[in-house]
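Read through the structure below, which is laid out as structure tokens, and then see the notes.
The values are calculated or read from the model by the stated rules, or taken from the named source; none is laboratory data. In this text, all values refer to a predicted model and were calculated from it rather than measured experimentally. Cβ placement follows ideal geometry from the backbone for every residue including glycine, while neighbour counts extend to all protein chains displayed. Note: accessible area is taken over every heavy atom of the protein model, side chains too, but ligands, DNA and RNA are not part of it. Shrake-Rupley method; radii C 1.70, N 1.55, O 1.52, S 1.80 Å.
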Amino acid sequence: MAGAVADRSWRASTPEAIDADLAVLWRDVGRGETSVARAVMSNLIVFRSPASGGGDDMAALIAGAPVEEVAARHPSRVIVLEHCHGEAPRAPSAAAVGILTFGPPAARYGVELIVVRSACPEPSLLSILRRFVRGDIPTSIWWTEDISDAAPSGALLTVGRQLVFDSRRWRDVRRGAAAMAPLVRHHRVDLADVNWRRLAPLRRALTHARGPFQSGAWRSVEVGVSHAAEEAALAWLFFGWLRGQGVRCAEPTPMPQGAATAPENEGSSALLAVAIGDMHATLSPRGADVVCPEAPPLSVAAAVESEADAVAAELRSLAPDRVLAAALEAIVERFER
Amino acid sequence: MTIVIFGGGGDLARRKLLPALYNLHVDGVLPPRLAIVGVGRRPMSDDEYRAFAKEGVERFSRRPIDARAWDAFAAALSFVAAEVDGDRALAPLGARLDVIEHERGLSGDRIYYLAIPPTLFAPTVKQLARSRFVPPPEGTIARVIVEKPIGRDLQSARVINDAIAEVFQEKQVYRIDHYLGKETVQNILVMRFANSIFEPLFNQKYVDHVQITVAEEEGVGTRAGYYEEAGALRDMVQNHILQLTAMVAMEPPHSLDADVIRDERLEVLKSLRPIAGADVDANVVRAQYGPGFILGKAAPGYTQESGVAPTSTTETYVALRVSIDNWRWAGVPFFLRTGKRLPKRASEISVHLKEVPPILFNADPGARLDPTILSIRIQPDEGFSLGINSKVPGPHVQIYPVKMDFHYGSTFGGTSPEAYERLLLDVIAGDTTLFMRRDAVEAAWQWVMPILDRWAERGRDGLAAYPAGEWGPAEGEALIESTGRRWLAP
């Protein structure tokens, strides 16, 4: 089963000794009774703040993000970079390397994990990344922090083809949009928002119920959207999606207290509530439901996927998501007005 | 057998030769009767030399010292102080060798390893002849090992080769290019000619281009004196990279005989299209590293390094677009690059096959499929991989490039022998396959000379710059990107 770690081999290392220590670990793994295939489909650079819990074992070093689960689903050379923002600049101070093995004995595969703690200035971070990424496979950057709080610099993004982030973490959508502005404008990397995936059932349901954007059905309408607490970013993505397609949409508003459950979604709290003329739609964790007077209700189920599933699915996608890019651009434009 | 190492107290002996000989001893593959005699200017007792060797083995051997094995190995070590100047300079060495060989019951077969600066090659071999160290061909064995650089241009290489040829026959001369001793380089022949899948693809019909990258993370270090005179083209391209090119591009030899294989490698060197005059500016990029970062730490620029002139124009990076004008490779560019202070130490050859037609799965111009690439990793993490496009499991047709990856370390376990181990063993066995013949050395110089001449004409003009820790200058990227391709970082 993907996600179940069969074994963890790890050792403390230094940045200079990482390659040699990994080679030793692979040799050790190779001496075991079960053969282990090296699995590496991409470089996955995981940016994160230093682990708050402390501890030096591998589990502690990667706590806080489902790194192992993602590695199981999309085997990568995982490079966890703990960057200590605001500390006095200094060279990388600590490192660890590990090999996670997954799968049944007959089909066991191993994934490399490199953890580097650094407080060095950002330009020099690139030299760390260039050292450890393999050039013959795609490189993705997984930003596990709130981009509205700490955004990746353009220089850092030059090492990757894709930036995976989760706008659900944005505490402040306006600041998140400001942080996204240079990324959206310069198209340096493919943007992949895990939160965007949650919007998929609603997008599919509405385009099914109302027809494609090119049809006249969207031309004269004004769309309203309200959101549950903590789902402002999702509502703004919806706003951006429609604006990006040339549809008029009012700015998202918070839902009134206690108005979050649609009858057909009983037991499942609505995340978004949408009104398009006399058509009403809701998005809940179960999926999207559309109600309109002249047609039977319509439902689209949400895919059951964990955060690790969602991140892995984005990592496997090599084509840019142009619809998401247009949505983000619309959000950025709105907040820059 | 007696191995006489001129420069036996030097850095090469300490870092490479003595650790290699120790590992061969541990493997039990050295001749049962053996003496290793270090020769150097600075006097040292035998015990001091053993301590010197032990320190080198402890620091640089791929295996830790085993006390019993070391004692037996150390017993074979001796040291003789000698100079190559003067008429009777090697007389003390001759007397000492006679004693050692007599005491140990050795036959007088000798290998002379010239681990000394190239300026001393000619005087040393002359002294060997004058001191009657080189018996007639029908007598005992006498072989000479010559380290690179063999000259700093075609003329000086010929002078050295002429001097050696006055004393030794070509079959007695072993010119080391240690890259040829690396397991993965030897495996190029096996991979190409022992597998039916690859060789039919190695030609202009299927290959789009070939890249060879030899990247060094280190700067000039303590070798500024040498490097200032050499530069990246002489230090890396003229020998290692052209030899790698020859291994990848050579025709199938009709046998594994050393000279047959060396003939085929030579043919490739002779087929390289000359780059001269203004063509040098269009096809060769040279650059020097400036200040930057390596692994998060600040690194000085080349001209700030100790021993480097502030106005130096020595290139620390070179990238070339090379054509091989033969039937097999016509129209297939070979992109070669090497540099110091690049992001990592890595040597890699990648053979990029032609793209599939832009239909079916490759129809979207905005999302072209990765071409199939065969990557041969020479160091570190020796092995090779083949990238192929595969469907991602699921209801949609989604394609992702995956790797078929072979790693020496985890496949065969243990550590691969160092290049010098293999090469020393070959010299002992008299196998010249992995050594450079005189004609190959001179063919490589002949090809390189017009580039050096052009740079000499232009001086600083055309010397690009790159920050330490980056993959070279923008001009290096432009060299390949102007053809619609891009460098594959190791």
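Here are some conditions: (1) in contact (Cβ under 8 Å) with a residue 60 or more places away in the chain; (2) open to solvent by 20 Å² or more (accessible area, probe 1.4 Å); (3) within 14 Å of chain A (Cβ to nearest Cβ). B:Ala465 meets all but one. Which one does it not meet?
(3)
Restricting to the stretch B:370-380, give me the number of residues that are within 10 Å of another protein chain (Cβ to nearest Cβ) and of a type in the set (S, T, N, Q).
1
I'm trying to understand the selection: among the residues of the stretch B:393-411, which are under 32 Å from the mean Cα position of the chain (by Cα) and open to solvent by less than 30 Å² (accessible area, probe 1.4 Å)? It would help to see each step written out before you state the result.
The first filter runs over the stretch B:393-411 and keeps only residues under 32 Å from the mean Cα position of the chain (by Cα), leaving B:401-411.
Listed by number, the residues that qualify are B:Pro401, B:His407, B:Tyr408, B:Gly409.
Can you pull out every residue in the stretch B:412-423 that is open to solvent by 50 Å² or more (accessible area, probe 1.4 Å), assigned to a helix (DSSP H, G or I) and more than 11 Å from chain A (Cβ to nearest Cβ)? Talk me through it step by step, then tell me what you get.
Looking only at the stretch B:412-423, we keep the residues that are open to solvent by 50 Å² or more (accessible area, probe 1.4 Å), and these are B:412, B:415, B:417-418, B:422.
With assigned to a helix (DSSP H, G or I) added as a condition, the list becomes B:412, B:422.
B:Arg422 - this is the single residue of the stretch B:412-423 that is open to solvent by 50 Å² or more (accessible area, probe 1.4 Å), assigned to a helix (DSSP H, G or I) and more than 11 Å from chain A (Cβ to nearest Cβ).
When only residues in the stretch B:381-392 that are at the interface with chain A (Cβ under 9 Å from one of its Cβ atoms) and open to solvent by less than 40 Å² (accessible area, probe 1.4 Å) count, which is farthest from A:Arg38 (Cα to Cα)? Full working, then the answer.
Narrowing the stretch B:381-392 to residues at the interface with chain A (Cβ under 9 Å from one of its Cβ atoms): B:381, B:385, B:387, B:392.
Narrowing further to those that are open to solvent by less than 40 Å² (accessible area, probe 1.4 Å): B:385, B:387, B:392.
Details: B:Ser385: 11, B:Gly387: 14, B:Val392: 18 Å.
Only one residue fits best here, namely B:Val392.
In this structure, is A:Thr144 β-branched (Val, Ile, Thr) and either out of contact with any Lys or Arg (no Cβ under 6 Å at 6 or more places or on another chain) or at positive phi (or both)? Don't jump to the end; show me each part of the working.
Details: β-branched (Val, Ile, Thr): yes; either out of contact with any Lys or Arg (no Cβ under 6 Å at 6 or more places or on another chain) or at positive phi (or both): no.
So A:Thr144 does not fit the description; no.
Just one of B:Asp461, B:Asp439, B:Asp453, B:Asp426 is in a helix (DSSP H, G or I), of a type in the set (Asp, Glu) and within 30 Å of B:Gln288 (Cα to Cα); which is it? Working first, answer last.
Values: B:Asp461 fails: in a helix (DSSP H, G or I); B:Asp439 fails: within 30 Å of B:Gln288 (Cα to Cα); B:Asp426 fails: within 30 Å of B:Gln288 (Cα to Cα).
Every option except B:Asp453 fails the conditions.
One line per residue, one yes/no per condition, for (1) within 14 Å of chain B (Cβ to nearest Cβ); (2) part of a loop (DSSP other than H, G, I, E, B); (3) crowded, with 21+ Cβ neighbours inside 10 Å:
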residue	(1), (2), (3)
A:Trp142	no, no, yes
A:Arg174	no, no, no
A:Trp196	no, no, yes
A:Gln214	no, yes, no
A:Gly224	no, no, no
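Of all residues in the stretch A:288-337 being in a loop (DSSP other than H, G, I, E, B) and away from chain B (no Cβ under 14 Å), which is least open to solvent (accessible area, probe 1.4 Å)?
Let us first name the residues in the stretch A:288-337 that are in a loop (DSSP other than H, G, I, E, B), namely A:293-294, A:302-306, A:317-321, A:337.
Those still in the list that are away from chain B (no Cβ under 14 Å) too: A:293-294, A:302, A:304, A:306, A:337.
On the way: A:Pro293: 86, A:Glu294: 154, A:Ala302: 27, A:Val304: 148, A:Ser306: 51, A:Arg337: 186 Å².
This residue is A:Ala302.
Given the conditions (1) surrounded by fewer than 17 Cβ atoms within 10 Å (Cβ to Cβ); (2) away from every other protein chain (no Cβ under 14 Å), and given that B:Tyr174 satisfies all but one, which numbered condition is not satisfied?
(1)
Going by what's in this entry, would B:Thr483 be described as in a loop (DSSP other than H, G, I, E, B), among the hydroxyl-bearing types (Ser, Thr, Tyr) and within 12 Å of chain A (Cβ to nearest Cβ)?
Numbers: in a loop (DSSP other than H, G, I, E, B): yes; among the hydroxyl-bearing types (Ser, Thr, Tyr): yes; within 12 Å of chain A (Cβ to nearest Cβ): no.
The answer is no for B:Thr483.
Among (1) more than 30 Å from B:Ser306 (Cα to Cα); (2) touching a helix residue (DSSP H, G or I) at 6+ places or on another chain (Cβ under 8 Å); (3) part of a helix (DSSP H, G or I), there is one condition B:Pro200 misses while meeting the rest; what is its number?
Only one criterion is unmet by B:Pro200, namely (2).
Is it the case that the stretch B:64-81 has a residue that's over 13 Å from B:Leu18 (Cβ atoms), touching a Pro at 6+ places or on another chain (Cβ under 9 Å) and surrounded by 13 or more Cβ atoms within 10 Å (Cβ to Cβ)? First the steps, then the outcome.
Taking the stretch B:64-81 and keeping what is over 13 Å from B:Leu18 (Cβ atoms), we get B:64, B:66-69, B:71-72, B:75, B:80-81.
Filter once more, keeping what is touching a Pro at 6+ places or on another chain (Cβ under 9 Å): B:80-81.
Then keep just the ones that are surrounded by 13 or more Cβ atoms within 10 Å (Cβ to Cβ); that gives B:80-81.
Within the stretch B:64-81, one or more residues are over 13 Å from B:Leu18 (Cβ atoms), touching a Pro at 6+ places or on another chain (Cβ under 9 Å) and surrounded by 13 or more Cβ atoms within 10 Å (Cβ to Cβ).
From the list B:Ile451, B:Ile428, which one is under 30 Å from B:Pro137 (Cβ atoms) and under 24 Å from the mean Cα position of the chain (by Cα)?
Details: B:Ile451 fails: under 30 Å from B:Pro137 (Cβ atoms).
After applying the criteria, what remains is B:Ile428.
Exposed (fewer than 15 other Cβ atoms within 10 Å of the Cβ), without any contact (Cβ under 8 Å) to a residue 60 or more places away in the chain and farther than 21 Å from B:Asn187 by Cβ: which single residue out of B:Ala282, B:Ala298, B:Ala276 fits that description? Break it down into steps so the answer makes sense when it comes.
On the way: B:Ala298 fails: exposed (fewer than 15 other Cβ atoms within 10 Å of the Cβ); B:Ala276 fails: without any contact (Cβ under 8 Å) to a residue 60 or more places away in the chain.
Answer to the selection: B:Ala282.
Just name the residue that is surrounded by the fewest Cβ atoms within 10 Å (Cβ to Cβ) out of those in the stretch B:128-160 that are in contact with a Gly (Cβ under 8 Å, 6 or more places away or on another chain) and within 30 Å of B:Tyr227 (Cα to Cα).
So, considering only residues that are in contact with a Gly (Cβ under 8 Å, 6 or more places away or on another chain) and within 30 Å of B:Tyr227 (Cα to Cα), the one surrounded by the fewest Cβ atoms within 10 Å (Cβ to Cβ) is B:Val159.
For the stretch B:340-355, give me each residue that is within 12 Å of chain A (Cβ to nearest Cβ) and among the basic types (Lys, Arg).
Those that are within 12 Å of chain A (Cβ to nearest Cβ) and among the basic types (Lys, Arg): B:Arg341, B:Lys344, B:Arg345.
Residues of the stretch A:226-261 being in contact with a His (Cβ under 9 Å, 6 or more places away or on another chain) and open to solvent by 80 Å² or more (accessible area, probe 1.4 Å), which ones?
The answer is A:Pro254, and nothing else.
Could you give every pair whose Cβ atoms fall below 7 Å, whose first residue belongs to the stretch A:120-131 and is farther than 7 Å from B:Gly296 by Cα and at the interface with chain B (Cβ under 7 Å from one of its Cβ atoms), and whose second residue is part of a helix (DSSP H, G or I) and open to solvent by 10 Å² or more (accessible area, probe 1.4 Å), counting only separations of at least 6 or pairs across chains?
From the stretch A:120-131, the pairs are A:Pro123/A:Ala155.
From B:Leu201, B:Leu233, which residue is touching a residue at least 40 places away in the same chain (Cβ under 8 Å) and open to solvent by less than 10 Å² (accessible area, probe 1.4 Å)? Explain how you work it out, then say what you get.
Numbers: B:Leu201 fails: open to solvent by less than 10 Å² (accessible area, probe 1.4 Å).
Going through B:Leu201, B:Leu233 in turn, just one is touching a residue at least 40 places away in the same chain (Cβ under 8 Å) and open to solvent by less than 10 Å² (accessible area, probe 1.4 Å): B:Leu233.
Open to solvent by less than 10 Å² (accessible area, probe 1.4 Å), aromatic (Phe, Trp, Tyr) and touching an Asp or Glu at 6+ places or on another chain (Cβ under 7 Å), is that true of A:Phe165? Full working, then the answer.
On the way: open to solvent by less than 10 Å² (accessible area, probe 1.4 Å): yes; aromatic (Phe, Trp, Tyr): yes; touching an Asp or Glu at 6+ places or on another chain (Cβ under 7 Å): yes.
When the stated conditions are applied, A:Phe165 passes them.
Please find, among B:Pro401, B:Pro358, the residue that is farther than 27 Å from B:Leu189 by Cβ and free of Cβ contacts under 8 Å to residues at least 24 places away in the same chain. If you could, list the steps in order and put the result at the bottom.
Working: B:Pro401 fails: free of Cβ contacts under 8 Å to residues at least 24 places away in the same chain.
Residue meeting the stated conditions: B:Pro358.
Considering only the stretch B:433-456, state which residues are within 20 Å of B:Gln169 (Cβ to Cβ), open to solvent by 20 Å² or more (accessible area, probe 1.4 Å) and out of contact with any Asp or Glu (no Cβ under 8 Å at 6 or more places or on another chain).
Across the stretch B:433-456, the qualifying residues are B:Asp439, B:Glu442.
Please count how many residues of the stretch A:7-42 are more than 9 Å from chain B (Cβ to nearest Cβ), in a strand (DSSP E or B) and open to solvent by 50 Å² or more (accessible area, probe 1.4 Å).
Residues that pass the stated criteria total 5.
Please pick out the residue among B:Arg337, B:Arg328 that is open to solvent by 30 Å² or more (accessible area, probe 1.4 Å) and more than 10 Å from chain A (Cβ to nearest Cβ). Spell out how you get there, then give the answer.
Details: B:Arg337 fails: open to solvent by 30 Å² or more (accessible area, probe 1.4 Å).
Only one candidate qualifies: B:Arg328.
Inside the stretch B:468-480, can you point out the residues that are away from every other protein chain (no Cβ under 14 Å), crowded, with 21+ Cβ neighbours inside 10 Å and aliphatic (A, V, I, L, M)? Please lay out each step first, then the result.
Taking the stretch B:468-480 and keeping what is away from every other protein chain (no Cβ under 14 Å), we get B:473, B:475-476, B:478-479.
From what is left, the residues that are crowded, with 21+ Cβ neighbours inside 10 Å are B:473, B:476, B:479.
Once the filter is applied, which keeps residues that are away from every other protein chain (no Cβ under 14 Å), crowded, with 21+ Cβ neighbours inside 10 Å and aliphatic (A, V, I, L, M), the stretch B:468-480 yields only B:Leu479.
Tell me which of these B:Pro395 doesn't satisfy, since it passes every other one: (1) facing another protein chain (nearest Cβ under 7 Å); (2) assigned to a loop (DSSP other than H, G, I, E, B); (3) under 19 Å from A:Arg316 (Cβ atoms); (4) not aliphatic (A, V, I, L, M).
Against the list (1) facing another protein chain (nearest Cβ under 7 Å); (2) assigned to a loop (DSSP other than H, G, I, E, B); (3) under 19 Å from A:Arg316 (Cβ atoms); (4) not aliphatic (A, V, I, L, M), B:Pro395 comes up short only on (1).
Scan the stretch A:153-162 residue by residue and report those that are surrounded by fewer than 21 Cβ atoms within 10 Å (Cβ to Cβ) and not hydrophobic (A, V, I, L, M, F, W, C).
Selection gives A:Ser153, A:Gly154, A:Thr158, A:Arg161.
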